[in-house]
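All remarks here apply to the structure that follows.
Throughout, read-outs are computed from the coordinates displayed, never taken from laboratory work. Just so we're clear, the structure is a prediction, and the values are computed from it rather than from any experiment. Here the Cβ is made from the backbone with ideal geometry for all residues, glycine too, and neighbour counts use every protein chain on show.
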Amino acid sequence: MDREAPHQHKGTKHAVLAGFLGWTLDAFDFFVVVFLIGALSHQFGVGKKEIVLTLAITLFTRPIGAVIFGLLADRYGRRTPLMINVIYFSVIDLFCGFAPNFTVFLILRALFGIGMGGEWGVGASLAMEAAPKRWRGILSGVLQCGYSVGYLLAALAARYVLPVWGWRPMFWIGALPALLAFYIQAKVPESEVWKENRAASMKQVVYVVAQNWRRFAYMVALMTFMMFLSHGTQDLYPDFLQDVHKLSAAASANIAVLYNLGAIVGAIIFGHFSQAAGRRRSMMASLGMCLLVIPFWAFGSTAFVVAAGAFFMQLGVQGAWGVIPVHLNELSVDSARGLMPGFAYQLGILLAAPTNSVQYLLRDRVGYQWALAGFELVTIFGLILLLWRGAEDHSRSFHRAPQVTES
């Protein structure tokens with residue numbers, strides 16, 4: 001008998017919405033910097049490479065947050081650590097808007113990375129544990145497209161807030177997510193799956209992950225290449241459009257809005273597709289789309305071609321990403337689901353943190369177009385190989401098997 005009775009999922013919509021909004025607002029706070037590379041370089045009197053370095057520093061510190069908040073989530077539940085996390089990264093982002101110099105800004109972005117690193121793992125485990133098995137695929141896509149929505153909102157802020165109010169209010173807006181904590185407190189129930197599988201101590205959580213180190217190592221390798229895929233196609237692309245195609249900041253922001261709409265569509269479509277076709281097949285299909293559009297995305301000769309290429313590139317990139325929340329949660333051990341997916345995700349970020357800097361160096365040697373295209377060709381073929389040889393636990397139950405007693 002399926003133990004996932006309807007009443008067990010009464011909090012599904014609130015859990016998914018909380019995870020979605022948390023990831024949306026977190027992504028907004030990260031991608032604001034992408035659109036401010038030139039403005040911050042001018043403000044602080046440093047080169048663009050130094051501002052790009054702050055993106056890498058944020059990525060470097062994310063595993064710290066994954067460990068801290070992941071352990072708290074496995075030991076004490078998903079809700080409270082998620083609320084603390086949201087308040088933390090909101091306050092740090094507010095302070096970024098008051099940064100008086102580059103050194104302070106760099107430190108604040110490192111601290112922000114800790115908050116960003118904690119949100120995804122806790123939010124994803126809460127949402128996936130609340131979701132009925134038959135809806136996991138599409139809800140995974142909905143959850144992950146929060147990242148693209150955050151990027152889209154950052155692009156809109158760059159288009160409409162930056163020209164009128166300047167760069168500092170772009171970060172002050174990032175304090176608004178703190179209000180999400182009140183919604184989580186009022187509406188989001190604690191995970192029933194966590195209650196069933198609660199670890200006795202944080203030490204036990206670490207021990208469980210260590211026991212399953214092969215599975216965890218695979219998850220880290222997968223996430224490293226997934227980070228190469230996303231950050232390698234997104235972070236420098238607005239700057240690429242302005243540098244190579246001589247588009248204005250407003251025009252590049254408009255294209256960013258367009259390709260993030262593609263990303264949202266892709267995450268939902270391929271997340272849903274994964275429920276029938278399997279997690280790995282769905283991801284490989286989306287990567288195939290990425291390969292087909294690289295010539296248009298990187299080498300398009302007109303703004304229209306480049307914009308169309310960017311739309312379909314992100315449809316494929318985030319199509320693969322739309323499967324990640326459910327795939328990692330299904331691969332994880334029940335008693336360590338707060339830590340395992342998020343820590344693997346953020347270790348992947350750590351290993352892939354130099355992506356932007358590497359692409360910037362390649363730009364000086366082979367040109368911006370081949371720097372982006374070549375990097376992603378290697379990434380996509382590496383991902384396909386990992387997925388082809390990898391593991392999958394499609395739609396497995398997260399609940400403990402019922403105890404059978406003799407009568």
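A few remarks follow.
- The angle separating the long axis of helix 249-277 from the principal Cα axis of greatest extent in the chain is about 30 degrees.
- Relative protection proxy for 82-94, 151-163, 336-348, 23-35, from highest mean packing down: 336-348, 23-35, 82-94, 151-163 (other beta-carbon atoms within 10 angstrom).
- Debye, to nearest 20: dipole size of region 244-375, +1 on Lys, Arg Cβ, -1 on Asp, Glu Cβ: 160 debye
- Relative to the Cα centre, the charge distribution of region 116-258, modelled as +1 at Lys and Arg Cβ and -1 at Asp and Glu Cβ, gives a dipole magnitude of about 320 debye.
- Span from the region 303-338 Cα centroid across to the region 27-102 one, whole angstrom: 21 Å
- Residue order, fewest to most surrounding Cβ atoms within 10 angstrom, among GLU376, GLU196, GLU129, GLU190: GLU196, GLU190, GLU376, GLU129
- Relative contact order (percent, whole number), the chain, Cα cutoff 8 Å, 6+ residue spacing: 26 percent
- Most positive-pole-ward Cα, VAL333, PHE312, ILE294, against dipole of region 201-359 from beta carbon charges: VAL333
- Compactness of region 163-287 was expressed as the Cα radius of gyration divided by 2.2 N^0.38 Å, which yields 1.50.
- According to the Cα-based calculation, Rg over Rh for region 77-197 is 1.03, with Rh computed by the Kirkwood formula.
- Rg and Dmax of region 214-354, both derived from C-alpha coordinates alone, stand at 16.1, 52 Å.
- Only helical runs count toward this figure. For the chain, summing -39,500 (n - 2.57) over DSSP H runs of n ≥ 4 and dividing by all residues gives -25500 deg cm²/dmol at 222 nm.
- Ordered by the count of other Cβ atoms within 10 Å of each Cβ, fewest first, ILE264, ILE324 give ILE264, ILE324.
- Only Lys, Arg (+1) and Asp, Glu (-1) charged, at Cβ; the chain dipole about Cα centre in debye: 320 debye
- Principal axes of region 118-180: Cα extent on each, largest first, Å: 47, 20, 16
- Considering only the Cα atoms of region 15-142, their convex hull presents on average a projected area of 7.8 nm².
- Reachable lysines, given that their alpha-carbon falls under 23 Å from the alpha-carbon of LYS133 and they are not under 8 places away in the same chain: LYS10, LYS13, LYS187, LYS195
- Descending principal axes extents, the chain, alpha-carbon based, whole Å: 78, 44, 33
- Histogrammed with a bin width of 5 Å, the alpha carbon distances of region 219-260 distribute as 6, 23, 23, 17, 12, 10, 6, 3 percent, first bin at zero.
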